[in-house]
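Q: The structure is given below, and queries will be raised subsequently.
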Amino acid sequence: MIMREVSGESPLIVVCTAMCLGIVACLGNIPASVFCLFFLFLLYARGMLLHMVIGLVLAAGAISLSPRWTDIPDGEYRFQGTVVESGFLRGTYRIMLDNVCVGGNNIRGRVLFNVYDNVSDLPKGSIIEGTARVKKPRPQGNTGEFDYREYLLSKGITLSGYIKDQAQVNNLRAGRESSFRHGIISGFSQYARPESEVINAVLTGDCSGLVYSLRDSFASLGIAHLIAISGLHMGIMFIFGYGAVFAMLRILPPISGYLDTPFIAKAAGLVCVVCYTAFVGCSLPAVRSAIMVTCIIVSLMLKRKGTLLESLALAGIIILLWKPHSLYSSSFLLSFSSVLGIVGVYRRLQDSPRWVMYIAVPVVATAFTLPITMIHFGFVSLSGILANIIFVPWFSFVIMPFCIAGAALSWLSADISQFLLSLSFDAVGIIFKTGEIFGGLYPTACPGTVWGLMCYCGLIVAFFSSASQLRCVIVCVSAFLIAAIPVGMHIYQHYQPLCFDFISVGQGDSVLVTKGQRAVLIDAGGSHTGFDTGRFIVGPHLLRRGVTSLDLVVATHSHPDHIGGIPFVLERFPTSEIWTNMEYDWNPDFQNMIRIAHRKGIPVKNVCSGDMRHLGGMNIEVLNPRECISQRRKNMDLNLQSIVLMIEDSGMKGLFMGDVGGLGEIRLCRLHKDLSADVLKVGHHGSKNACQAMFLERVKPKVAVIPVGHGNVFHLPNRLCLDRLTQHDIATYRTDINGEVTISSRDNALLIQSGDKVRENLCR
C-alpha cells in the first residue's frame, strides 16, 4: 500500500496529510475531485483512522484560531501600532504594524499600510500613531487571478490601507534597528552595482532593492530560489556553524576525547540557524525554513530511524498549526516539495556513488517543484536542471562564504571587508552573465490542480514505494494521464470558436482575442506605482487560457494605460507581429516596446484604415486612423488616432474602439458603411461623449463592454454614456463591477461569462 509504504511505522505523515486535507476543505478553494484524490491517498494508510481524524481536527482548530480579515468598513481612521517591518517594495514605502488599534478596535493580526508622501524611514520597534485610510483588497477581477487578500492572510496581515502623508504620523517612540544589521544594509547601499542588492537580500533579508530585472536574471536560469530566504540558506548557515565547531574540536584532541563532537557541532549549527533567522527579521519564510531545518537536524541528532520523512511531516504540522494559510503559499509548497524530492532520492540512491547523488538531487528536486512552478508562475526555465547543478554549489561554497566573511569583518577592517564583498559581487556577476547567454523562460499553459496532484502521485510512488511492480504500473498510468491532459487541451483549443476576453486590468484596456490556437492581444493595461499589469495580470491570464505565443499584438495608441504592460508580454511570449498607430512617440513605454521588438526581431507595422489580416478563420480589419502617422506631433489627440479594429468570423463580430470617443465615432460613421457588430468595446472607458446615438444605431451591438478601474479618479464610465446604452437596450458589462468578461459564439448565440454569471443572448 502506497501510503503505508511511505509512512512506515510513523503516524506523523498521516497526520500531516490529513491536516492538509482539512485546511483545503475548510478554505474551500479546491475542486471536489482534488479532495477525492487526497482521500484516496489517505485511505492507503490502513489502521491509522485515528491519526487521520487527529489531523483533520488539528486543521479545523488551526483554521478557526487563525486570524481572519478584519471586518472594518473602508474609510479614514486613527490608528496606533508598533512597526515590525518597513521599507520600499516596487517603489512604494510600506510599513507593517503589530499590536494595532484602528478606530478604537484592537486588531487581531498585523496591519499593512502604504505610505505615499513625505516618506522617511521608520525603524523596527517604533510606536506610531496617525490617520490612515483602510481599504479592503479588491476581489479577484479575473478567473484564477492572484488572490491578494489570501496572500496577505498567509503573511499574518488582516487589514490594509494607506497613509497619504507621513508628515501627519507621530512617532511616539523611536525604534532601533539592529546596529549591526543596519550597518550592513547601509554599507551595501554605497555600492552602485546590481550584484550588491542580491547579496543584501540574501544576507539581511532586505529585498527592497531587488527590481524585477535582477529577479528575472536568476529566474531565467531556474535558480530564483537562491535569492529568497529558504531552507537552502538555513542549511548553509547550519553547515557553517557545524563545520567551524567540528573542526575546532577536532584540532583539540584533549577536549574532543571527552565530548560528543558531532552532537555539539550540530547544536552549534542550530544556533547559527536561529541567529540568522533573528538577524533577517524573523520573516515568515525565514521562520518556516528554520522550523523545517531544525526538525530535520534534531531528528538526526536523536539518531532515530526514518527520521528525514518524519521530520519533514513534523515541520509541516508545526507550520500549519502556526500559519494554516501557508498551505497556499508558493514558498511553502516549493520548499516542502523540493525537500520531499531530496528525501526520496536519498532513500532510493543512498548506496550509490556520490557523483550520482550530486546529479540526481537537483534533477529530482526540480521534478518535484516543476508542477508548482507551472501552476503558480506559468514559466519554466530552459536550463534549470543544469544551472542548479552548477550554481547551487557555487552559491553555497563561494558566494555565501565571501559575503558572510565580508560582512563579519566590516567593523574590523574596511579594506578586507570591501575586498571580500567585491569577490562575492564578481561571483554573482558570473551568474548574471550566464543568464544573459544561456538563460530563458519558456511560457507554459497553466495546468489545473488535478494535473499537479497526478504528477505528485506518480513521483511519490516512484521514489517511495518498495513494491516494484506496483510502482511501475502506477508510474506508467500517471505518466500517461499527465501527458494526456495537455494533449487533450491542445486538441480542445484547436476547435474553439472566436472568443473575446476583456481582461480586468484596472483603469486601462486589455482584450485577448482567440480562435482555435490563434491569439491576438489588443493592449495590455498600464504600469503604474510599480505594478506591472503585463507581469501580474495579462501574462498569467494568457497562460490560464493556454496561450503561450501571440500571432499579433496591437498597441492602439501610446497612452500608458494601454501599452504599459506590453513590454513584459513581448519579453515572455513569442510574438509574430506588432501593430501601432504611429512610427515614433516620445512616450517611454512606447519606446521601450519598440526597443524590445527590435531586439527580439519582431516586425512592427504602422497601420491605418484598410489594413487587414486573416488568422485562423478570423478576419481583422483596421478602421482607424484614416492615414499612417510617422510621429507624434504637438497637441495631437492620441485618443482620436487610436487603432479601431473590426474582428469577425462566421459566428460573431466585434468592434474594438480603443480610446476613440464621440468625434471619432461620427467620423467612423461617415467613412464606413458597415459598422454592425455583435460586441462593442466602448471607446475611452465610457467617457461623456462615447456611444453617441447615431453610432449605436449603426453598430447595433447586442453587448457592450466598458474597461474601467474601480473607483477611478476620472469617475468613468460617465452616466450619460450608460444612459445611452440603456436606451438602446444594449446589455452592458463593466470590468470594475463584473471583472473579467468573456464572450464567445455558441450555436447562433453569444455566450457571456462574467464572474459566476453566465447568460445567453441570441445573435440573430
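None of the figures in this text is laboratory data; all of them are computed from the coordinates on show. Treat the numbers as computed from the prediction; the structure is a model and nothing was measured. Neighbour counts are summed over all protein chains in view; Cβ atoms, including those assigned to glycine, are modelled from backbone coordinates with ideal geometry.
Q: Length gain on complete extension for the stretch D426 to E577, per 0.36 nm per residue less the alpha carbon to alpha carbon distance?
A: Taking 0.36 nm per residue and subtracting the Cα distance, the gain is 50.5 nm.
Q: Treating only the Cβ of Lys, Arg, Asp and Glu as charged (+1, +1, -1, -1), what charge dipole size does region 495-762 show about its Cα centre? Round to the nearest 20 debye.
A: 160
Q: Still on this model: Within 10 Å, at most 16 other Cβ atoms, and a DSSP state outside H, G, I, E, B define an exposed site. Report the longest part of the chain free of exposed chymotrypsin sites (Phe, Trp or Tyr not before Pro). List each step's numbers first, then the result.
A: On the way: sites that count: Y44, W69, F146, Y191, Y258, W411, Y495, W586, F714.
Here the longest segment lacking exposed loop sites spans 259-410.
Q: Would you work out which of S66, S576, M636 lies farthest towards the positive end of the dipole of the chain? Charges go on Cβ: Lys and Arg +1, Asp and Glu -1.
A: In the chain, that residue is S66.
Q: Relative contact order, percent, of the chain when contacts are C-alpha pairs under 8 Å separated by at least 6 residues?
A: Values: 1450 pairs, mean separation 65.9, N = 764.
Dividing the mean separation by the residue count of the chain yields 9 percent.
Q: Taking Rg and Dmax of the Cα atoms in Å straight from the coordinates, which label in (1) 26.7, 83; (2) 34.5, 115; (3) 28.6, 100 is the correct one?
A: Only one listed value fits the structure, namely (3).
Q: Something else now. In nm, to one decimal, how far is the modelled label at V487 from the one at E129, with both set 7 Å along Cα→Cβ?
A: With each label point 7 Å from Cα toward Cβ, the separation is 6.9 nm.
Q: Efficiency by 1/(1 + (r/R0)^6): what FRET value for L663 and N170, r their Cβ-Cβ distance, R0 = 60 Å, to the nearest 0.05? Each step should come with its number before you reach the end.
A: Numbers: r = 52 Å, r/R0 = 0.86.
It comes out at approximately 0.70.
Q: Please order D426, D585 by the number of other Cβ within 10 Å, starting at the fewest.
A: On the way: D426 14, D585 23.
If I rank by nearby Cβ atoms, fewest first, I get D426, D585.
Q: Now for a separate question. With angles folded into 0 to 90 degrees, how steeply does helix 231-250 sit against the dominant principal axis of the chain? Use alpha carbons for both and round to 10.
A: For helix 231-250, the angle is close to 20 degrees.
Q: Report the FRET efficiency, 1/(1 + (r/R0)^6), for V380 and S352, where r is their Cβ-Cβ distance and R0 is 25 Å, rounded to 0.05. Please list the in-between numbers first.
A: Values: r = 28 Å, r/R0 = 1.10.
With a Förster radius of 25 Å, E is 0.35.
Q: Could you work out the local net charge near W322, counting Lys and Arg as +1, Asp and Glu as -1, over the other residues with Cβ closer than 13 Å to its Cβ?
A: Numbers: positive: K155, R288, K323; negative: none.
Charge balance in the 13 Å sphere: +3.
Q: In degrees between 0 and 90, to the nearest 10, how far off the longest principal axis of the chain does helix 468-494 point, with axes built from Cα atoms?
A: 20
Q: For a quick check of your reading of the filter: which trypsin sites (Lys or Arg not before Pro) in region 685-737 sit in a DSSP loop and have no more than 15 other Cβ atoms within 10 Å?
A: Details: sites: K688, R698, K702, R719, R724, R734; in loops: K688, K702.
Loop-located and lightly packed - K688.
Q: Give me C455, C446 ranked fewest to most by other Cβ atoms within 10 Å of their Cβ, as a rough exposure proxy.
A: Working: C455 22, C446 19.
Ascending Cβ contact count within 10 Å gives the list C446, C455.
Q: Counting only GluC sites (Glu not before Pro) that are in a DSSP loop and have at most 14 other C-beta atoms within 10 Å, tell me the longest site-free stretch of the chain.
A: Numbers: sites that count: E9, E627.
Longest stretch, sites excluded: 10-626.
Q: Using 0.36 nm per residue of separation minus the Cα-Cα distance, give me the extension gain between F146 and I437 in nm, one decimal.
A: Working: separation 291, 0.36 × 291 = 104.76 nm, distance 3.12 nm.
Extra length from F146 to I437 when fully extended: 101.6 nm.
Q: On a 0 to 90° scale, report how tilted helix 49-65 is relative to the longest principal axis of the chain, with both axes built from alpha carbons and the result rounded to the nearest 10.
A: Tilt relative to the chain: about 60 degrees.
Q: So if we plug the beta-carbon distance of R108 and V713 into 1/(1 + (r/R0)^6) with R0 = 41 Å, what FRET efficiency do we get, rounded to 0.05? Mind dumping the intermediate values first?
A: On the way: r = 33 Å, r/R0 = 0.81.
My answer for the efficiency is 0.80.
Q: If I model a spin label at W322 and D747 as a point 7 Å from the Cα along the Cα→Cβ vector, what separation in nanometres do I get?
A: 5.5
Q: Would you list T366, T742 from fewest to most Cβ contacts within 10 Å? Show your work: numbers first, answer last.
A: On the way: T366 21, T742 18.
Ascending Cβ contact count within 10 Å gives the list T742, T366.
Q: Compute the length gained on full extension between R670 and R68: take 0.36 nm times their separation in residues and subtract their Cα-Cα distance, giving the result in nm to one decimal. The partial results should precede the final answer.
A: Details: separation 602, 0.36 × 602 = 216.72 nm, distance 5.74 nm.
Length gained between R670 and R68: 211.0 nm.
Q: Still on this model: On a 18 Å Cα-Cα criterion, which of the cross-link pairs K515/K653; K634/K681; K605/K673; K515/K702; K673/K700; K653/K681 come out too long? Let's see the in-between values first.
A: Numbers: K515/K653 13 Å; K634/K681 28 Å; K605/K673 26 Å; K515/K702 20 Å; K673/K700 13 Å; K653/K681 11 Å.
Flagged as over cut-off: K634/K681; K605/K673; K515/K702.
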